[in-house]
Amino acid sequence: MAKLHNYYVLCPLIDQNSFLGVSQDSDVENVLVTLGRNVINKYRLSDQKQIGGWTSKEHVTSTVIFDKDQDSYVGVFNRNTIKMWKEDSDNLDKTKKYKFPINIFKLIPRENRPSLIIFNNGNCASLPYALDNRKTYESKQLIKESDSIIDVACFSVELTDYVCYVVKNAKDNYEILLCPIREELGDMEKSKLNKIKVSRPDDVYVVGELISVDDNYCVYFLWNDGKMTSYDLLKSSWKTIGTVPWISTMSSVSISWMGQDHLILFGSNTDQDGAIIVAYNVILGVGSCRYPMKMYSENAKLYCFNGRIILEASNHIGMLPYVLETKRNLSSLLGSHEIVEDTCMEIADWDTPVEPMFSIIDEVKDLLKVGLTERDMCAQVIPPLVEKGDYNQLLRVLKKFKDVPETVLSLLINYAIKLVNPGSVDLTNRDNFVKYCNCEVGTKKDKLILKSKFRLLDYLLQVTFSDAMLIPHLRNDLSLDSALFLMSYISHLLVDSDRIVNESYESKLFDWCILLMDAFYQQYLLTKDEKVSIVLNYTQKVIENLIDHLYQVDSALPLLHKILSGKQAEDIEESLSYAIELIEI
């Protein structure tokens, strides 16, 4: 699932018509924003601050990029001129020019190879080769003069680079061009050029497209009937993904790749009275989440950089941070999709075995034949194991389930807390509590038994749940003392434990802290027990300490950036203290 956070304004937009685009800087935290025909600025995404920029008297006609091979910034000026400059350059008008006899469409940076120059006639070349041969560089027209390049991207498969175009002709028909690139020259092997027509048997037209070359090599098309289709560039096959919800396809829709099987779309809402941002899962064919906007900008440029959506709005460039979570329950996606009939026909193989092709545990064999869902099977299998009291077998069976009902999870949390016997632990004595949680009390045998009991509780804290569904069950099943013990134990895992906690597990621990605060909020306020105040105060200190660490990292980032870029740190002279003495004459 995708989760969208709060919308920020990255920078004002000088002129929407002349805005050229955003590209990645040498540092992943920074982006280059080509604001207008004469302005290029560099922004840091973490705090939306401008940290550099350049202006030019000559018109910039394509998005400025950073070329790792040349370690320079590269821009297209007046449609046919290339300029390269370093970060410390202060006057682009004095930079050397490389003029071409044909117009340039855009520049495409490549990870481990020189950038590509894409010409308006459809040809391409690597940046060094094109600069050396610019005066004699003339190629035959690859696309018709009436055709226009809508999108272009480059990707690599088994050490061979490919360039992919989406071209639209005068009749608004689309076509995909795919061709390998020669390594040294960076031009196209035209003998291997492949053209794919984009069409459907229905009377529909394309309202949005995207060439995705990050996690998968596909070209996505959104049609005016709301259907999303994709063309696999490696398998050379078409697929109908599904219908995109919540967004209007009566006008153009901007599309970008978020990552982890998610597209982000920006367009008008279904009521045509505003705009909307939609995250769409291309594997499940469902909408993950949506974010309403006030103003719709047709053909707005849309990008995703470092967990942030960069969006062209009417009078500014906006930024919308997002998080992709692949381990969330699918129940939250219900109702966000429609059934779509694919025109592709599949031949069924009926000669398949009756028994499942995967391994299953004995506890669910009979239930699987009945056709119960995983949640129903878990609800029937786990409670009897809790009554038996064999926590080792319980943990073994529980690990076979991915979708655990909130009723079962609440029951297991209560059982696991009682299993480690928190009544014998004084939560107000932090040293003894840490020793107990680290299993450093009792004999060697007692330590091993206690460690195996804590293993169940540790696993339960990683299980995915729905906040709204779990809170009522926690209020009924958990006592206040158990809730305080669990909150103290989570604080221990965050700061005092030697256990390795990965990013996903740490996020779950924070979720549990918030959940316990929400579930027992009134009891915390009404109870005058000193133990409640001690636990909550310590939890607050833990959170404040973690936030202080984040501030320290944030303050150290500019210095680290200067060290990595080779800049000498400026010595700040401390002002000497002084005193003023009044003397009577």
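Of all residues being free of Cβ contacts under 8 Å to residues at least 24 places away in the same chain and open to solvent by less than 80 Å² (accessible area, probe 1.4 Å) in region 544-554, which is farthest from TYR489 (Cα to Cα)? Just the residue, please.
This residue is ASP548.
Consider only pairs whose beta carbons are under 9 Å apart and that are at least six residues apart or on different chains; among these, list those whose first residue lies in region 558-571 and is open to solvent by 80 Å² or more (accessible area, probe 1.4 Å) and whose second residue is modelled with pLDDT of 70 or more and outside any helix (DSSP H, G or I).
The qualifying pairs are LEU564/ASP27.
Out of all the residues in region 15-39, which are over 24 Å from the mean Cα position of the chain (by Cα), outside any helix (DSSP H, G or I) and either at positive phi or surrounded by fewer than 16 Cβ atoms within 10 Å (Cβ to Cβ) (or both)?
Of everything in region 15-39, just one residue is over 24 Å from the mean Cα position of the chain (by Cα), outside any helix (DSSP H, G or I) and either at positive phi or surrounded by fewer than 16 Cβ atoms within 10 Å (Cβ to Cβ) (or both), namely ASP15.
The rows are residues; the columns are (1) open to solvent by 10 Å² or more (accessible area, probe 1.4 Å); (2) out of contact with any Lys or Arg (no Cβ under 6 Å at 6 or more places or on another chain); (3) in a strand (DSSP E or B); (4) of a type outside the set (Ser, Thr, Tyr).
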position	(1), (2), (3), (4)
TRP54	yes, yes, yes, yes
GLN70	yes, yes, no, yes
MET84	yes, yes, yes, yes
GLU87	yes, yes, no, yes
TYR98	yes, no, yes, no
PRO101	yes, yes, no, yes
PRO114	yes, yes, no, yes
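It is to be established whether one or more residues within region 338-359 are at pLDDT below 70, touching a Pro at 6+ places or on another chain (Cβ under 9 Å) and surrounded by 13 or more Cβ atoms within 10 Å (Cβ to Cβ).
yes
Condition check: surrounded by 17 or more Cβ atoms within 10 Å (Cβ to Cβ) and modelled with pLDDT under 90. Does SER491 satisfy that?
When the stated conditions are applied, SER491 passes them.
Please name all residue pairs, on different chains or six or more residues apart, with Cβ atoms under 6 Å, provided the first residue is in region 37-58 and is among the aliphatic types (A, V, I, L, M) and the second residue is assigned to a loop (DSSP other than H, G, I, E, B) and surrounded by 15 or more Cβ atoms within 10 Å (Cβ to Cβ).
Close Cβ pairs (under 6 Å, with a partner that is assigned to a loop (DSSP other than H, G, I, E, B) and surrounded by 15 or more Cβ atoms within 10 Å (Cβ to Cβ)) amount to ILE40/VAL64; LEU45/GLU29.
Let me confirm something: among GLY287, GLY242, which residue is at positive phi and either modelled with pLDDT of 95 or more or in a strand (DSSP E or B) (or both)?
GLY242
Which of the residues spanning region 231-289 are within 22 Å of ASN6 (Cβ to Cβ), open to solvent by 30 Å² or more (accessible area, probe 1.4 Å) and aromatic (Phe, Trp, Tyr)?
If the condition is that a residue be within 22 Å of ASN6 (Cβ to Cβ), open to solvent by 30 Å² or more (accessible area, probe 1.4 Å) and aromatic (Phe, Trp, Tyr), then TRP246 is the only one that fits.
Pairs only if they're at least six apart or on different chains, beta carbon under 6 angstrom, first in region 96-125 and more than 26 Å from LYS144 (Cβ to Cβ), second of a type in the set (Ser, Thr, Tyr); list them, first residue then second.
As it stands, the answer is LYS97/THR81; PRO109/SER115; PRO114/SER126, since those pairs meet every condition given.
Of the residues in region 207-228, how many are more than 19 Å from the chain's Cα centre (by Cα) and part of a loop (DSSP other than H, G, I, E, B)?
3
Please work out which residue is farthest from SER199 (Cα to Cα), limiting yourself to region 146-168 and to residues that are open to solvent by less than 20 Å² (accessible area, probe 1.4 Å) and of a type in the set (Phe, Trp, Tyr).
PHE155
Is one or more of the residues making up region 291-303 in contact (Cβ under 8 Å) with a residue 60 or more places away in the chain and within 20 Å of THR243 (Cβ to Cβ)?
There is at least one residue in region 291-303 that is in contact (Cβ under 8 Å) with a residue 60 or more places away in the chain and within 20 Å of THR243 (Cβ to Cβ).
Taking the condition within 15 Å of the chain's Cα centre (by Cα), in a loop (DSSP other than H, G, I, E, B) and among the charged types (D, E, K, R), does ASP273 pass?
No: the conditions fail for ASP273.
Among the helices (runs of 4 or more DSSP H) contained in region 442-543, which hold 1 or more residues that are under 27 Å from ARG375 (Cβ atoms) and in contact with a Phe, Trp or Tyr (Cβ under 7 Å, 6 or more places away or on another chain)?
444-460, 480-491
Scan region 169-200 residue by residue and report those that are surrounded by 14 or more Cβ atoms within 10 Å (Cβ to Cβ) and charged (D, E, K, R).
Hits for region 169-200 are GLU175, ARG182, ASP187, ARG200.
So, SER72, is that one farther than 17 Å from PRO109 by Cβ and among the small types (Gly, Ala, Ser) or not?
Considered against the rule, which asks whether it is farther than 17 Å from PRO109 by Cβ and among the small types (Gly, Ala, Ser), SER72 comes out as no.
Take SER126 and decide whether it is in contact with a helix residue (DSSP H, G or I) (Cβ under 6 Å, 6 or more places away or on another chain) and crowded, with 20+ Cβ neighbours inside 10 Å.
No, not satisfied.
Yes/no per residue for (1) out of contact with any Ser or Thr (no Cβ under 6 Å at 6 or more places or on another chain); (2) at positive phi; (3) open to solvent by less than 70 Å² (accessible area, probe 1.4 Å); (4) not small (Gly, Ala, Ser):
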| residue | (1), (2), (3), (4) |
| --- | --- |
| LEU409 | yes, no, yes, yes |
| ILE413 | yes, no, yes, yes |
| PRO422 | yes, no, yes, yes |
| THR428 | yes, no, yes, yes |
| ASP431 | yes, no, no, yes |
| LYS435 | yes, no, no, yes |
| CYS439 | yes, yes, yes, yes |
| LYS444 | yes, no, no, yes |
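Take region 201-215 and flag every residue that is free of Cβ contacts under 8 Å to residues at least 40 places away in the same chain, open to solvent by 40 Å² or more (accessible area, probe 1.4 Å) and under 20 Å from TYR165 (Cβ atoms).
Correct list: TYR205 only.
I need the full set of residues from region 361-395 which are in contact (Cβ under 8 Å) with a residue 12 or more places away in the chain, within 25 Å of ILE449 (Cβ to Cβ) and open to solvent by 70 Å² or more (accessible area, probe 1.4 Å), in order please.
Matches in region 361-395: ASN392 only.
Taking region 439-471 as the region of interest, how many residues are within 17 Å of TYR415 (Cα to Cα) and of a type outside the set (Val, Ile, Thr)?
So the answer is 14.
Against the definition (open to solvent by less than 20 Å² (accessible area, probe 1.4 Å) and farther than 26 Å from SER424 by Cα), how does LEU470 come out, yes or no?
Yes; evaluated as a whole, the condition is true for this residue.
Every residue in region 293-311 that is open to solvent by 70 Å² or more (accessible area, probe 1.4 Å) and over 19 Å from GLY208 (Cα atoms), please.
The answer is LYS294, ASN306.
The values are calculated or read from the model by the stated rules, or taken from the named source; none is laboratory data. Given the structure is predicted, the values throughout are model-derived calculations rather than measurements. We place every Cβ from the backbone using ideal geometry, glycine too, and count neighbours over all the protein chains shown. Each accessible area value is taken on the protein alone, full model and side chains, heavy atoms only, with ligands, DNA and RNA left out. Shrake-Rupley method; radii C 1.70, N 1.55, O 1.52, S 1.80 Å.
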